[in-house]
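The values are calculated or read from the model by the stated rules, or taken from the named source; none is laboratory data. Just so it is clear, the structure is predicted and the values come from calculations on it, not from any experiment. Here Cβ is always computed from backbone atoms with ideal geometry, including for glycine, and neighbour counts include all displayed protein chains. Note: accessible area is taken over every heavy atom of the protein model, side chains too, but ligands, DNA and RNA are not part of it. Shrake-Rupley method; radii C 1.70, N 1.55, O 1.52, S 1.80 Å.
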Amino acid sequence: RIMGDVVLALMPALAVSTFVLGWRVLMITAIAVAACVLFEYLIQRFLFKRSSTIGDLSAVVTGLLLAFNLPVGIPWWIVVIGALIAIGIGKMTFGGLGCNPFNPALTGRIFLLIAYPVQMTDWTTGVPDALSGSTMLADIKAGAYSVSDIDFVAMLGGHMNGSMGEIGAFALILGGLYLLWRKVISWHIPEYQ
């Protein structure tokens with residue numbers, strides 16, 4: 001149920017990303033989700049020799065989050081490599097769902113950023129007549145403009161360069177509110193003891 005709620009919470013961001021960046025968002029997301037589910041099934045079935053847990057939707061969530069951390073113009077085969085790293089190293093190496101010390105999708109993203117830095121930082125949209133450029137954080141870091149120059153309304157609506165999941169900040173906030181409403185998450189900052 002929790003993973004299903006997370007999938008539903010990510011749908012507004014997927015819709016905004018698709019609207020802003022085009023159909024390729026759906027293709028990259030489908031490849032990431034399918035590859036994560038496939039790799040989890042294969043690893044559990046043939047390496048761990050245990051029954052599959054792909055029905056818990058955690059591999060789907062990993063695939064969605066991995067896709068949301070990628071630029072829209074990334075080659076499909078790099079997405080598959082990222083899914084293998086996310087599931088094989090980020091998740092299954094440590095025992096699967098709930099046992100991984102790192103977010104599997106971010107493990108895949110970090111690997112891809114190290115292995116394919118050019119492709120992972122290509123913010124072209126694939127939309128005809130679109131402009132390519134650096135992300136807002138990169139511009140601020142480089143001193144191109146200050147935080148006070150940021151158009152937050154445009155940023156919330158998805159009018160900025162970045163990975164597929166970060167361009168729809170307002171949609172991510174809606175998803176977070178949905179998770180709060182369903183009591184999947186709490187507004188409290190967790191305390192570590």
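Tell me which residues, restricted to the stretch 43-64, are touching a residue at least 24 places away in the same chain (Cβ under 8 Å), among the β-branched types (Val, Ile, Thr) and open to solvent by 40 Å² or more (accessible area, probe 1.4 Å).
Matches in the stretch 43-64: Thr53 only.
Testing Glu40 on (1) surrounded by fewer than 23 Cβ atoms within 10 Å (Cβ to Cβ); (2) over 16 Å from the mean Cα position of the chain (by Cα), one condition comes back false. Which one is that?
Status for Glu40: all satisfied but (1).
Identify the residue in the stretch 175-193 that is among the aliphatic types (A, V, I, L, M) and open to solvent by 80 Å² or more (accessible area, probe 1.4 Å) and, among all such residues, is modelled with the highest pLDDT.
Of the stretch 175-193, the ones among the aliphatic types (A, V, I, L, M) are 177, 179-180, 184-185, 189.
Applying the additional criterion that residues be open to solvent by 80 Å² or more (accessible area, probe 1.4 Å) yields 177, 189.
On the way: Leu177: 93, Ile189: 76.
Ranking the candidates gives Leu177 first.
Inspect the stretch 52-75 for any residue being among the acidic types (Asp, Glu) and in a helix (DSSP H, G or I) and give the result as yes or no.
Checked against the condition, which is being among the acidic types (Asp, Glu) and in a helix (DSSP H, G or I), the stretch 52-75 yields at least one hit.
For the stretch 65-94, name all the residues that are buried (at least 24 other Cβ atoms within 10 Å of the Cβ) and either without any contact (Cβ under 8 Å) to a residue 60 or more places away in the chain or among the basic types (Lys, Arg) (or both).
Within the stretch 65-94, Leu66, Val79, Gly82, Ala83, Ala86, Ile87, Gly90, Lys91 qualify.
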